[in-house]
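The values are calculated or read from the model by the stated rules, or taken from the named source; none is laboratory data. These figures come from a predicted structure and were not determined experimentally. Note that each Cβ is placed from the backbone with ideal geometry, even for glycine, and that neighbours are counted across all protein chains shown. With ligands, DNA and RNA removed, areas are computed over all heavy atoms of the protein, side chains included. Shrake-Rupley method; radii C 1.70, N 1.55, O 1.52, S 1.80 Å.
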Amino acid sequence: MTERIVKRVEAQKYTLGVVYEPDAVDAHGEFMVASEIEKMARGFNRRLLGQAQAVAKILQAFDAAEHGPVELVLEPDAIEKGLLGIQHQDWADDHGEIVESYLAPCDMQIGQEAVTKGTWLMGVVWGDANWTKVQKGEITGYSWGGTAYKRRGKNAN
């Protein structure tokens, strides 16, 4: 888990934060190299895009409904819940909306925060209840929420 919000816009209930930074030791005493972070971020973004495409198909079907009845048949995993969860447990739909997810293309400065090339960043517009938690300091960052295996030793990467 990375507890690092690099930008906050109160009026929009928006935060931009680090999901994972290359070679930085996290809260669990572990780190990841840039190539592994890139694999995670790209896989997540594919899921996010897949969800958006499924919603677009539904909207097209509703549009077509003006010309007659349309049966909607979604594949079981067409729309996956849980792209934004709280504490790795709560995957309700009203937490907020992921509005951006990308890898820093170069070393950069966001406000007062230095961001390393290859860092996975995510922007969220929070629902009311979770925005209150952000303001109180109860939500302070993001986690990639996945599993990994550990390599030990000098040549781990």
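Miscellaneous remarks
- When we screen Lys133, Lys154, Lys81, Lys150 for residues that are at pLDDT 60 or above, open to solvent by 70 Å² or more (accessible area, probe 1.4 Å) and not acidic (Asp, Glu), the only hit is Lys133.
- Residues satisfying the stated conditions in the stretch 6-47, i.e. in contact (Cβ under 8 Å) with a residue 12 or more places away in the chain, open to solvent by 50 Å² or more (accessible area, probe 1.4 Å) and either among the aliphatic types (A, V, I, L, M) or closer than 14 Å to Glu113 by Cβ (or both): Lys7, Arg8, Ala27
- Residues of the stretch 126-143 classified as of a type outside the set (Val, Ile, Thr) and not in a helix (DSSP H, G or I), total: 7
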